[in-house]
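Undergrad: A single structure is presented below for examination.
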Amino acid sequence: MADYKLLIGGDLVDGDMTMDVINPATGEAFCKVPRASASQADAAVAAAKAAVPGWSALPWADRQAKLIELADTIAARKDEIARVLTMEQGKPLAEAMGELAWTDGYLRHYATLELPERVIQDDDSGYIAVRHRPLGVVVGIIAWNFPLLVACWKIGPAVLAGNAIVLKPAPTTPVCALILGQICREVFPAGVVNVITDANDLGPQLTAHPDVAKVGFTGSTATGKRIAASGADTLKRVTLELGGNDPAIVLEDVDVRETAQAIFGNAFLNNGQVCLAVKRAYVHADIYDAMCGELARLAEAAVVDDGLQQGTQIGPIQNAMQFEKVKGFLEAAREEGTIVAGGDVMERAGYFIRPTIVRDVTDGDRIVDEEQFGPILPLIRFDDIEDVIARANASEYGLGGSVWSKDVNRAAEIASRIESGQVWVNQHIAIGPHIPMAGFKSSGLGVEQSVEGLAEYTQTQVVNIKR
């Protein structure tokens, strides 16, 4: 296994400590990586701060070119990175290759974006223009479900806008970020991108650091609230992409088999460990039994195995802590409803749970009200559309949602009443680098992706000249 290093100020360095990385398919360590100390975290922030003046002074087109170079360099190592991604995260190799492809597409799209000066007055009395200036040092804190893609979601807009960044991956998935650090060292000037790892102990130091201007975070709502509080004293900008409990509302006129396949794919992508995944499906009473049966059939047929094995469709839960949490949801599902597929922990090494379909549950049940972030899908019966809209909106979350029907106009009208940052008709997790991504309520603050997300990495400045 490669000798991984931190990236601080353009240098690849050992951590002051080390930590093991567990392969969730085996429950055993597959490599050892550096772990940064508090002093190394401070050094990374200092390196980023020192890099900002020179980097932000470069022409915008030069920074765009560097993002293309980053995409090209990642693509040249995609086979190696995909295999490591599967080993540390657990997802099937085909999904890992998909994450590489998404990463490539996002970086290349970021490289097309611009934030030109906008003139709002130019006449005999004066000239007024709106400009976007870099903020300075950005900290990017990354979740463990898409460790490469989400890292580049932070790096791309941060550096394009003229900032420098300190990237901190999740402790259970640090390897792809460290490889990304190797690559960024080849692409960017020293200090523009820094990568450090921790054991969940450096976050408060980074988010409260007086030289950090912005924190971009993807992860749990509970951690997002702590980050917002930590940065309050220095009024840091924050972008928080947090949890979700996304509803799918399935109307009575759908093709059950076709819709079940789409719902299943969007509920169990990455083993259900997706913030925007379908987390609860409201199914009309007329097709409820048929939909439960079809989803159960798909769950029973799914191939669950080590992501490196040919034909694997669903891998393990990513880490031991989440494994225990999902097992708690399984117990709740047994008590609250009827499990019609899955429901068991597989008798093997690693963190494997079969995809689980649970019916005869309703709002107020834990399995419905809380985000399970794992391979469990509760199905809730409804027969009144006004009631189901109210139930879908009753959640503290509002990240995504979808409505499924052959009558697109009817579905679109219902979708317009769902309180979520993203709402889809006859699809789910339909995201892209050109589409803003935001959350209502406890699902987050700010916008990611698109030119709107890029603007969040800048300070708006008005230049007002009297003539």
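The values are calculated or read from the model by the stated rules, or taken from the named source; none is laboratory data. Because the structure is a prediction, the values reported are computed rather than measured. Virtual Cβ from ideal backbone geometry, glycine too; neighbours counted across all protein chains shown. With ligands, DNA and RNA removed, areas are computed over all heavy atoms of the protein, side chains included. Shrake-Rupley method; radii C 1.70, N 1.55, O 1.52, S 1.80 Å.
Undergrad: Quantify, in whole percent, the carbon and sulfur part of the accessible surface of the range 325-467 (1.4 Å probe; protein heavy atoms only).
TA: Ligands and nucleic acids excluded, carbon and sulfur reach 49 percent.
Undergrad: Would you mind checking the tilt of helix 60-76 against the longest principal axis of the Cα atoms of the chain, expressed as 0 to 90 degrees and rounded to 10?
TA: 50 degrees
Undergrad: Using the Cβ atoms and a cut-off under 11 Å, what net charge is assigned to the surroundings of Glu335, where Lys and Arg are +1 and Asp and Glu are -1?
TA: My count for the surroundings of Glu335 gives -1.
Undergrad: Quick check on the chain: helices-only [θ] at 222 nm, where DSSP H runs of length 4 and up contribute -39,500 (n - 2.57) each and the sum goes over total residues. Nearest 500, please.
TA: Calculated from helices alone, the mean residue ellipticity at 222 nm is -12000 deg cm²/dmol.
Undergrad: Still on this model: How much net charge surrounds Arg185 when only other residues with a Cβ under 10 Å from its Cβ are counted (Lys, Arg +1; Asp, Glu -1)?
TA: Counting the neighbours of Arg185, the net charge comes to -1.
Undergrad: Any idea what angle helix 78-89 forms with the longest principal axis of the chain, computed on alpha-carbon atoms, 0 to 90 degrees, nearest 10?
TA: Rounded to the nearest ten degrees, it is 60.
Undergrad: Using only Cα atoms and rounding to the nearest 10 degrees, what angle (0 to 90) does helix 38-57 make with the longest principal axis of the chain?
TA: Helix 38-57 sits roughly 70 degrees off the main axis of the chain.
Undergrad: Show me the ranking of peptides 357-368, 52-63 by mean Cβ neighbours inside 10 Å, starting with the highest.
TA: So the peptides 357-368, 52-63, ranked by packing, come out 357-368, 52-63.
Undergrad: May I ask which of Lys78/Lys168; Lys49/Lys466; Lys91/Lys406 have a Cα-Cα span longer than 31 Å here?
TA: With Cα atoms farther than 31 Å apart: Lys49/Lys466; Lys91/Lys406.
Undergrad: Hey, any idea what % of the range 197-297's accessible area is carbon plus sulfur with a 1.4 Å probe?
TA: Roughly 54 percent of what the probe reaches on the range 197-297 is carbon or sulfur.
Undergrad: Counting only protein heavy atoms and using a 1.4 Å probe, what share of the accessible area of the range 71-120 belongs to carbon plus sulfur, as a whole percent?
TA: Answer for the range 71-120: carbon and sulfur cover 57 percent of the accessible area.
Undergrad: Keeping all protein chains in position, work out how much accessible area Ser220 exposes to a 1.4 Å probe, and write it in Å² to the nearest 10.
TA: 60 Å²
Undergrad: For the chain, report the accessible area per residue in Å² (1.4 Å probe, heavy atoms, rounded to an integer).
TA: 38 Å²
Undergrad: Under a Cβ-Cβ cut-off of 13 Å, what is the net charge of the residues other than Gln459 that fall near it, where Lys and Arg count +1 and Asp and Glu count -1?
TA: The answer is +4.
Undergrad: Among 105-117, 257-269, how do they line up from the highest to the lowest mean number of other beta-carbon atoms within 10 Å?
TA: Highest-to-lowest ranking by the protection proxy: 257-269, 105-117.
Undergrad: Enter the accessible area of Glu386 (Å², nearest 10), with the probe set to 1.4 Å and all protein chains included.
TA: Spelled out: Glu386, probe radius 1.4 Å, area about 100 Å².
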